[in-house]
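Please read the structure below before turning to the comments.
Please treat every number below as a calculation from the coordinates, not as lab data. In this text, all values refer to a predicted model and were calculated from it rather than measured experimentally. Don't worry about glycine lacking a Cβ; one is built from the backbone with ideal geometry, like all the others, and counts go over all protein chains shown.
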Amino acid sequence: MERTLEAVKADIIRLLHKAASDRNSPMHTPVIATADADARIMVLRAFDERDWTLRFHTDARSPKSGVIGEEGQVGVLFYDRDEKVQIRCRGTGRIESASQRAQAAWESSDAYARRCYLGAAPGEESDRPSSGLPEWAEGERPTEEQLAPARANFAVLMVTLASVDWYHLSNDGHRRAVFENGKGRWLTP
Ligand SMILES: Cc1cc2nc3c(=O)[nH]c(=O)nc-3n(C[C@H](O)[C@H](O)[C@H](O)COP(=O)(O)O)c2cc1C
């Protein structure tokens, strides 16, 4: 039986929850595109189905943080080969470093994950191969006290999705639907 738009919407919600919570989901590491025609992989940390918002963690000093700023256009591209589904999103991104949400995300992150924010800013030139971390922090689990200066470099990227394009591959005919402001319609694949 042919699926309905409501069933597609439920499928998107299921896949994005799985993407955020299951590190083995291929959708856990989508491609994030910015308005400067650059793109990179990021780990999806959370999906809020109430307002279709995604949360990522990043360095406030990174080039992408500069491009997105308080309001920037962001594309998010997911693909799960086994599910045979591509989810292609457009939304508005914002970088938050000082918000309560950023603080909560910082506090819930593991010390090893937070260690990344102790080092040099992403994209700095180095005269040798380098992690960017201070030497004492290499291979070490830093203490809370040692991690304190890293907090200022940590930010969350919140992306509120304006359009979600679901594309399902099938031998019986591909299917495609797009959702904007919660309203769905069918498109030809
Ligand atoms: C599997 C994987 C996961 C990554 N996850 C993140 C992430 O969650 N946040 C992040 O800022 N960068 C992440 N990166 C690094 C980015 O892809 C990117 O190289 C870096 O953030 C610098 O991006 P920018 O120069 O566009 O700011 C990840 C890279 C890989 C390969």
Cβ-Cβ FRET estimate between Ser99 and Arg14, R0 fixed at 30 Å, reported to 0.05: 0.60
Acute angle (nearest 10 degrees) that the helix 5-21 long axis makes with the longest principal axis of the chain, alpha-carbon atoms: 20
So which trypsin sites (Lys or Arg not before Pro) in the stretch 1-102 are both in a DSSP loop and have at most 11 other Cβ atoms within 10 Å of their Cβ? Arg23, Arg50, Arg81
I'd like the Karplus ³J(HN,Hα) series for the stretch 151-168: coefficients 6.51, -1.76, 1.60, θ = phi - 60°, whole numbers in Hz, and an x wherever there's a Gly or Pro. 4, 5, 8, 8, 9, 9, 9, 9, 10, 8, 7, 9, 9, 10, 10, 9, 10, 10
Debye calculation, C-alpha points only, no solvent: report log10 I(q)/I(0) for the stretch 87-137 at q = 0.14, 0.31 Å⁻¹, in the same order as the q values. -0.58, -1.16
Net lengthening on full extension, Asp172/Glu70 (0.36 nm per residue, minus Cα-Cα): 32.3 nm
Reachable aspartates and glutamates from Lys84, criterion Cα separation under 16 angstrom, eight or more residues apart if same chain: Asp11, Asp165, Asp172
Counting other Cβ atoms within 10 Å, keep those with at most 10, restrict to DSSP loop, and tell me which GluC sites (Glu not before Pro) in the stretch 35-128 are left. Glu70, Glu71, Glu124, Glu125
Towards the positive end of the charge dipole of the chain, with charges on Cβ (+1 Lys, Arg; -1 Asp, Glu), say which of Ala102, Thr34, Leu118 has the farthest Cα. Thr34
Please express the Cα-Cα pair-distance distribution P(r) of the chain as a list of whole percents, one per 5 Å bin, running from 0 to the bin with the greatest distance. 1, 7, 15, 18, 17, 15, 10, 7, 5, 3, 1, 0, 0
Dipole size in debye (nearest 20) for the stretch 9-167 around its Cα centre, Lys and Arg Cβ +1, Asp and Glu Cβ -1? 480
